[in-house]
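To start, the structure under review is shown below, and the notes come after it.
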Amino acid sequence: MKVVPAEWDDVDVQRLAADQQTEIRARYDGKGEPGTPPSGVDISVVLVARDDDGTALGSGALRALRDGIAEVKRMYVAPAARGRGVAKAVLAGLEDAARDRGWTTLRLETGTKQPEAIALYTRAGYWPIEAFGAYVDAPDTEESLFFERILDPG
């Protein structure tokens, strides 16, 4: 498996992002994510984990928020690839990309019905915080959890 850069409009990235949103809606009774959806205009980094044959296994992205802070967006691993360390590898790649850009803090939103995500982020050193940015006044955040990690210099 390799984690490689991609563009937001890459067909595999868009398929994985759509699959992620379908799964979110299924878990949250039809509700989508709160806050501002990511777009090619505001996403700074996109990574895709690919198998040896080029199959996209998972992806994740970063959105710059303000000085030194970015948000992790659209972390997702295809169901057939789960349990193989794909999410951990993508998250580590996003953290490295953040460091390369001089970003020192990563934040994210996940939900109470995503225990796998909560476990991933907690094991990676993220801790709970209050809502941030566009989430502060966003509707439908009652099932949201917010996390942050200060990155080591590397």
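Bear in mind these aren't lab numbers, they're just calculated from the coordinates by the rules spelled out. Just so you know, these numbers come straight off a predicted model, no measurement behind them. Using ideal geometry, Cβ is built from the backbone for each residue, glycine included, and neighbour counts are taken over all protein chains shown.
Before moving on, here are some points about what is shown:
- GNM flexibility winner over the chain from 83, 111, 68 (Cα, springs under 10 Å): 83
- Screening the chain for whole DSSP H helices with an alpha carbon extent of at least 18 angstrom along the helix axis and a mean Kyte-Doolittle hydropathy of at least -0.5 yields 86-100.
- Computed from the C-beta positions of residue 88 and residue 10 and an R0 of 25 Å, the FRET efficiency is 0.70 to the nearest 0.05.
- In segment 97-154, the alpha-carbon atoms span a convex hull of 86 Å³ per residue.
- The phi-based Karplus calculation (6.51 cos²θ - 1.76 cosθ + 1.60; θ = phi - 60°) puts the 3J(HN,Hα) values of segment 49-62 at 8, 10, 6, 4, 8, x, 5, 6, 9, x, 7, x, 9, 10 Hz, whole numbers, x for Gly and Pro.
- Test item: Cα-centred dipole of the chain, Lys/Arg +1 and Asp/Glu -1 on Cβ, debye: 320
- Proximal lysines to residue 2, defined as alpha-carbon separation beneath 18 angstrom and excluding residues fewer than eight positions away on the same chain: 88
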